[in-house]
Amino acid sequence: MSLLSRLRHATLAHHTRHLSTAASVSTKDKTRAALSLLKAEKDPTKILEICKTASLTPESHLDRVTFSVAINKLRDDNHYDLIRQFLDDLFVSRPDLKTQRFASHAIVLYGQADMLDDAVRTFEQCDEMGIPRNVKTLNALLLACIFAKNYKEVNRVFLEFPKVYGIEPNLDTYNYVIKAFSESGSTSSAYSVLAEMERKNVKPDANTFGHFLTGFYTEMKFEDVGKVTNLMEKHGFQPGLSTYNIRIKSLCKLRRSAEAKALLDGMLSRGMKANAVTYCHLIHGFCRESNLDEAKKLFKNMVNRGFQPDSNCYHTLVHFLCKGGEFESALQFAEESIEKNWVPNFATMKSLVEGLVSISKVSEARELVGQMKERFTVNQDQWNEIEAGLPQ
């Protein structure tokens with residue numbers, strides 16, 4: 001019986017026995033199987049069984065993703081008591097998780113679930129559980145507040161907790177607070193945080209200034225953007241690719257993609273290298289502004305420079321090309337995307353099929369529906385209905 005089958009059909013005891021003793025199954029394979037099952041599972045009890053059986057740990061990135069998927073699904077169905085029961089029980093039932101690393105991750109997961117009271121409770125109970133309460137757990141609590149979009153709580157934790165618990169803030173602490181000001185539309189307030197960093201000899205980094213730039217662009221305070229670039233020079237920072245990508249993304253969000261493209265051109269003229277992220281931001285920006293020719297040109301330049309477009313880049317182009325009535329171009333990008341097993345969502349593919357029919361490309365539309373039915377099991381009924389309605 002395959003790992004997926006064991007996870008899907010066995011009892012929890014059966015899961016645990018097989019997964020813990022199967023030498024041929026790697027830890028990563030277990031997590032991949034669990035993640036696959038979680039994405040399709042709706043029963044909250046089974047969601048918890050899958051997580052417990054997979055013996056997840058915050059040491060692994062894939063495991064952290066799996067934890068997050070499980071918590072999100074439980075949160076979306078308002079199973080807050082189960083989230084609390086699950087995370088609290090892990091501290092008791094899994095001695096290997098009685099660590100600062102897992103405590104920090106549990107605090108963040110509570111924030112992700114918008115359960116800040118439990119995040120604070122877990123932070124405060126660390127000492128009782130024999131877990132050091134330090135700057136890492138403090139930073140986890142700040143991040144939890146950001147995930148919950150409770151920016152007042154970020155400020156309270158930052159102002160009170162270091163004094164109460166005798167914890168010295170570090171660079172990550174300050175960066176989270178600046179990020180919170182940036183996200184809450186109060187980026188100017190973050191200047192005082194930067195001043196405190198200078199007083200305490202905490203050197204800012206690219207993330208520090210990136211949060212400032214993101215915030216000021218969102219608030220359309222372009223003079224402050226200039227001030228931040230001057231501050232970067234003052235602190236010995238030369239804007240690198242990550243800074244340019246933040247500026248390009250921010251301008252594209254403001255529908256100022258031509259200005260963002262000018263930044264790219266300036267980078268290239270100075271011998272700096274862009275990356276796939278740079279081009280994907282610009283492609284999305286020009287698509288949103290209905291400049292599809294420029295988006296396609298950027299895609300071509302991106303590929304010619306050796307960068308690999310991601311699934312989001314393909315899906316953006318297919319969606320907006322359909323919206324703009326360029327169905328043949330949309331079909332080309334859709335086919336490339338499907339070949340890579342990146343399938344645009346049902347609404348986009350339905351729009352493409354209908355668009356192909358509207359320009360008398362019925363055979364192409366029929367072939368596309370056939371691909372959807374053959375390669376993917378989801379939405380079979382809808383595709384059958386669409387296929388039945390195609391002109392003969």
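The values are calculated or read from the model by the stated rules, or taken from the named source; none is laboratory data. The shown structure was predicted, so the numbers you read here are calculated from the model rather than taken from an experiment. As a convention, Cβ positions derive from the backbone with ideal geometry for all residues, glycine included, and neighbour counts pool all protein chains shown.
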Practice task
Consider residue 264 carefully, then state whether it is within 24 Å of residue 291 (Cα to Cα), surrounded by 18 or more Cβ atoms within 10 Å (Cβ to Cβ) and touching a helix residue (DSSP H, G or I) at 6+ places or on another chain (Cβ under 7 Å).
Solution key: yes
Exercise for the section: Answer yes or no: is there a residue in segment 209-230 that is closer than 30 Å to residue 345 by Cβ and modelled with pLDDT under 95. Expected result: no
Practice task
Quick one: which residue in 323, 296 is basic (Lys, Arg) and crowded, with 19+ Cβ neighbours inside 10 Å?
Solution key: 296
Problem - Selection from segment 218-261 of residues that are among the charged types (D, E, K, R), surrounded by fewer than 19 Cβ atoms within 10 Å (Cβ to Cβ) and within 27 Å of the chain's Cα centre (by Cα) - result: 219, 221, 253, 255, 256, 259
Exercise for the section: State whether the residues of segment 71-82 include one that is among the β-branched types (Val, Ile, Thr) and over 22 Å from residue 28 (Cα atoms). Expected result: no
Exercise for the section: Filter segment 205-242 for residues that are basic (Lys, Arg) and either part of a helix (DSSP H, G or I) or in contact (Cβ under 8 Å) with a residue 60 or more places away in the chain (or both) and give the result. Expected result: 227, 234
Practice task
Scan segment 51-80 residue by residue and report those that are aliphatic (A, V, I, L, M), over 17 Å from residue 147 (Cα atoms) and at pLDDT 95 or above.
Solution key: none
Completion exercise
For segment 162-175, the count of residues that are assigned to a helix (DSSP H, G or I), closer than 19 Å to residue 124 by Cβ and either in contact with a helix residue (DSSP H, G or I) (Cβ under 6 Å, 6 or more places away or on another chain) or touching a residue at least 40 places away in the same chain (Cβ under 8 Å) (or both) equals 1
Fill in the blank from the handout: Within segment 69-113, the residues that are of a type in the set (Ser, Thr, Tyr) and surrounded by 15 or more Cβ atoms within 10 Å (Cβ to Cβ) are 80, 99, 104, 110
Completion exercise
Filtering segment 114-150 down to residues that are in a helix (DSSP H, G or I), surrounded by 19 or more Cβ atoms within 10 Å (Cβ to Cβ) and not β-branched (Val, Ile, Thr) yields 116, 118, 119, 123, 138, 139, 140, 141, 142, 143, 144, 145
Fill in the blank from the handout: Here, helices (runs of 4 or more DSSP H) confined to segment 281-357 with at least 2 residues that are among the basic types (Lys, Arg) are 292-304
Problem - Flag for residue 83 being part of a helix (DSSP H, G or I), of a type in the set (Val, Ile, Thr), modelled with pLDDT of 90 or more and over 23 Å from residue 129 (Cβ atoms) - result: no
